[in-house]
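Student: Quick one: this structure, given as structure tokens, is what I'll be asking you about.
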Amino acid sequence: MTKKEQSVADTFHKFLKMKANRSSVEFVDFSLNGQDRDAAADYLFASGSRFTLVEYKHEETDISAEAAKWRRGNLCEFLELQKHRRRKKQHDQCHYIAWKAVDKDLRFNIYRHEVCNTSIFKSSTRLKCALPRTDTRITGTSFAENFLSGQQSIPIEEFEDYLEWLMKHASNAETSTVQLAAVNLNENIFSMEEFDSVRAAYEWMENQKAILQSKYGSSGPQATKAPPDQASGTDVDSAAMTSKKSKIK
């Protein structure tokens, strides 16, 4: 990510965390660092048992930079194939691109709707769209509300399935998941936890919630009102470990 892209992400994540706290809903953002090369996203969002991927750009004009990444071209062309229609459905529910708009809000769109067209990949003969699909764009405010209510994300089982396909097949990566790290803000000392997979991070988050619920009960300071299938209450901040074989884009 560029410095400007990072500022877009940092500012939006502060807003998301504020909205999550006000709604008593869990939200954790994992930076993917160099792993974005294979995961096609800068961040992984988690809320309860639901996950999504987000790629950031500073402005709309920066989206064209995706054309230089052959792995993104692969992803776009693979999603056009009939045999990958299940992957396309998963993608549309959990893989987004975002940028700062002129009204100072962000715009989010399904990644393939914004990127997978011949205005970006000009030499592609397999992509059917000539221009981005603007009808599926939404504001960052709407995305935050949707995500925290259990939309625009998929359950962990589906997410792991999509991520494995994305990394091993579309990006030709050696691994099928990402390495993550988190710090538990409920502790009085700094303690960084590292995870070799999304599943390991999710299980740790669930364990932290169980500890808090045992300590405080349902009416304690971490009690929440999460939507169905989103047991919440963990207060963590997070970052990602750069895979040894990954490089910054």
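Student: Among 104-114, 194-204, 35-45, 171-181, how do they line up from the highest to the lowest mean number of other beta-carbon atoms within 10 Å?
Tutor: Result, highest mean first: 35-45, 104-114, 171-181, 194-204.
Student: Can you tell me the relative contact order of the stretch 105-179? Whole percent, Cα pairs under 8 Å, sequence separation 6 or more. Don't skip to the end; give the middle numbers.
Tutor: Working: 66 pairs, mean separation 18.3, N = 75.
It rounds to 24 percent for the stretch 105-179.
Student: Which residue fluctuates most in the GNM of the chain (Cα springs below 10 Å): 187, 158, 59?
Tutor: Residue with maximal mean-square fluctuation among 187, 158, 59: 187.
Student: Follow-up. Take every DSSP beta bridge with both residues inside the chain and express the antiparallel ones as a percent of the total, to the nearest 5.
Tutor: Working: 26 of 31 bridges.
Close to 85 percent.
Student: Rounded to whole Å, give me the distance from the Cα center of the stretch 87-161 to that of the stretch 192-207.
Tutor: 26
Student: Please state, to two decimals, what the Cα-based radius of gyration of the stretch 107-206 comes to when divided by 2.2 N^0.38 Å (N = residues).
Tutor: Cα-based Rg divided by the globular estimate yields 1.40.
Student: Let me know the shape class of the stretch 51-178, please: from the alpha-carbon gyration tensor, a ≥ b ≥ c as square roots of the eigenvalues, rounded when a/c is under 1.5, otherwise prolate if a/b is greater than b/c, or oblate.
Tutor: Cα axes put the stretch 51-178 in the oblate bin.
Student: Given the convex hull over the Cα atoms of the chain, what projected area results after averaging over all orientations, in nm²? Mind showing how you got there, number by number?
Tutor: Working: hull surface 52.5 nm².
The number I arrive at for the chain is 13.1 nm².
Student: Oh, and also: With θ set to phi - 60°, apply the Karplus curve 6.51 cos²θ - 1.76 cosθ + 1.60 along the stretch 193-199 and write out the HN-Hα couplings as whole Hz, x wherever there is a Gly or Pro.
Tutor: Karplus-based 3J(HN,Hα) across the stretch 193-199 equals 9, 10, 10, 8, 7, 4, 4 Hz.
Student: Could I ask something else about it? Please state the relative contact order of the chain as a whole percent: Cα pairs under 8 Å, 6+ residues apart? Don't skip to the end; give the middle numbers.
Tutor: Working: 464 pairs, mean separation 66.5, N = 249.
That works out to 27 percent.
Student: Which one of 211, 189, 156 has the biggest mean-square fluctuation once the chain is modelled by GNM with Cα springs under 10 Å?
Tutor: Ranking 211, 189, 156 by mean-square fluctuation puts 189 first.
Student: Further, regarding this structure: Given H placed 1.01 Å from N in the peptide plane, which residues other than close sequence neighbours of residue 26 have an amide H under 5 Å from its amide H?
Tutor: Here the answer is 48, 233, since their amide H atoms fall under 5 Å of that of residue 26.
Coordinate-derived values only; no laboratory data. Given the structure is predicted, the values throughout are model-derived calculations rather than measurements. For neighbour counting, all protein chains shown are included, and Cβ atoms are generated from backbone atoms with ideal geometry for every residue, glycine included.
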